[in-house]
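Below is one structure, written out as structure tokens; the observations come after it.
Values in this text are rule-based calculations from the coordinates and carry no lab data. On a predicted model such as this, the values are computed, not experimentally measured, just so you know. Methodologically, a virtual Cβ is constructed for each residue, glycine included, from the backbone with ideal geometry; neighbour enumeration extends over all protein chains shown.
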Amino acid sequence: MEIDFSRILKKGKGLFLAYDQGLEHGPADFNLANLDPNYILEIGKKAKFNAVILQKGTAEKYYEPYIHDIPLILKINGKTRIPEIEPISAQICSVKYAVKLGASAIGYTIYDGSAMETQIFEAFGKVQEEAHDYGLPVVAWLYPRGKFVQNENSTDLMAYSCRVGLELGADMLKIRYNGDAKGFGWAVKCAGNAKVFVAGGFKTGENELLKMAADVMNAGASGLAVGRNIWQHSEPLKVAAALKDIIFETKAPELAVKRIKQ
Ligand code: FBP
């Protein structure tokens, strides 16, 4: 079956609103406003994000009223930050159930380099085939981690992760940017025709965020998947508008930042 990107990408590009941090990091990331999934979904709808990224439980309890407003990337595996074990993200939701919840794409974390890599790859292989049977794109979060990974931010591993994502059959890859624009360009090439998206990371200054967005877009990224830099900001809609200017209009960050300052 043909993979349908049309629900989550515009002209091959996308800006996604990530909101799976409650499971991954715990509520320490939240305040009283952004603790509420409705607050995030309202941002996603008003700022016209290309999709929101939710875990099963939040999707089940909050997404239905927004089903016509913002597409859903359902993250079907996850873990907490608590156990000090080799990283592996348990599958919590089936592809079938994700479809029932209205997912337009499936999200899955792969810890390449983990001692648990064999199990991770096997599980991902099944998920990828099931998703493709439904025509759904698969977004792989590729995070090289574990006791054998010396420097998860190395350019070498950034490129390796991209190649792993391509060869495992992911359609879209979500990776961390290490600040090396040239190395990132190589990583995008290593991803072949799998599209590369960049994670937002800790909340930083607006100038830093927009510069990162421009740098990765210039180096061949297809967009960003950002969480904390949006919903921890006092003006989430303005930050989203500035990012969209950069992603879809190729605006310079110095111009895009005016969206936030005005
Ligand atoms: P942020 O923009 O808030 O960094 O979110 C991106 C993301 O990939 C989330 O989807 C995920 O919960 C989180 O980062 C995982 O981060 P890490 O494993 O590095 O703590």
Phi angles of the stretch 49-58, converted by Karplus (6.51 cos²θ - 1.76 cosθ + 1.60, θ = phi - 60°) into ³J(HN,Hα) in whole Hz with x for Gly and Pro, give 5, 6, 5, 10, 10, 10, 7, 4, x, 5
Filtering trypsin sites (Lys or Arg not before Pro) in the stretch 66-174 by DSSP loop and by at most 13 other Cβ atoms within 10 Å leaves ARG81, LYS147
The relative contact order of the chain, taking Cα pairs under 8 Å that sit 6 or more residues apart, comes to a percentage of 17 percent
So, relative contact order of the stretch 55-115 in percent, Cα under 8 Å, 6 or more apart, is 41 percent
Relative contact order as a percentage, the stretch 1-156, C-alpha pairs under 8 Å and 6+ apart, gives 23 percent
In whole Hz, the Karplus estimates of ³J(HN,Hα) for the stretch 151-160 (6.51, -1.76, 1.60; θ = phi - 60°; x where Gly or Pro) are 9, 5, 9, 6, 5, 4, 6, 4, 5, 4
Expected unfolding gain across LYS79-GLN119 under the 0.36 nm per residue rule, minus the alpha-carbon gap, is 12.9 nm
Counting only DSSP beta bridges fully inside the chain, the antiparallel percentage to nearest 5 is 10 percent
Final fewest-first order of THR155, THR109, THR250, THR58 on the 10 Å Cβ neighbour count is THR250, THR155, THR58, THR109
CD proxy, 222 nm, the chain: helix-only mean residue ellipticity via -39,500 (n - 2.57) per DSSP H run with n ≥ 4, per residue, nearest 500, stands at -11000 deg cm²/dmol
The residues LEU32, LEU136, LEU23, sorted from fewest to most surrounding Cβ atoms within 10 Å, come out as LEU32, LEU23, LEU136
Going fewest to most other Cβ atoms within 10 Å around each Cβ, SER6, SER89 line up as SER6, SER89
Two pseudo-spin positions, 7 Å from Cα along C-beta at ASN218 and at ASP180, lie apart in nanometres by 1.9 nm
Per residue convex hull volume, Cα only, the chain, in Å³ is 115 Å³
Computed ³J(HN,Hα) along the stretch 28-34: with the Karplus parameters 6.51/-1.76/1.60, θ = phi - 60°, integer Hz and x for glycine or proline, the list is 4, 6, 9, 10, 5, 7, 7
